[in-house]
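Quick note: the coordinates plus some simple rules give every number you see, no bench work behind them. The structure displayed is predicted, hence computed values, not measured ones.
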Amino acid sequence: MSYQITLITPKEENVAAALLEIEKLNGRIEKQQSLGVKKLAYPLKKETEGHLASIFFEMEPQNLKRLHERLLLLPSILRYLIAKNKKIQISAETEEEKVALPALLLKKEKVVEKKEGSAEKVTEKERLQKLEERLEEILKE
């Protein structure tokens, strides 16, 4: 399975400890990114600034719990978050997109038909008004 771990450490050098733990558990590191130093909203283990890093790696799911336990014991890691990566393939044009365009055109045609139907309703209203006027005339006589 493919995972991503985002770490907050006091120094950039402390990220190596997490890399070492991943490799010890037969994990394969795909990519590592340094996201820079950020000021923390509140102190973590008496630190007001933290170095953010992100590591993409592959590991067997059963080893993930052991990695979690080992990272908790490392004093050089202030916080971390492990997320599962889902690989999504996006094609240039899918079948749904090809079908969606004609469907939109059909919807516009239906709207046009409704507009024509509303014109008939107006004439029906006029017819009813004429009937009411005739009834009033008949009742007056």
*Starting at the first residue of segment 27-33, write each ³J(HN,Hα) from the Karplus equation 6.51 cos²θ - 1.76 cosθ + 1.60 with θ = phi - 60°, in whole Hz, x for Gly and Pro.*
x, 10, 7, 8, 7, 10, 10
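Here is the link list: LYS39/LYS65; LYS11/LYS86; LYS11/LYS87; LYS45/LYS86; LYS65/LYS87. Which ones come out longer than 26 Å on Cα distance? Please report the intermediate quantities before stating the final value.
On the way: LYS39/LYS65 30 Å; LYS11/LYS86 30 Å; LYS11/LYS87 31 Å; LYS45/LYS86 33 Å; LYS65/LYS87 22 Å.
Distance filter (> 26 Å) returns LYS39/LYS65; LYS11/LYS86; LYS11/LYS87; LYS45/LYS86.
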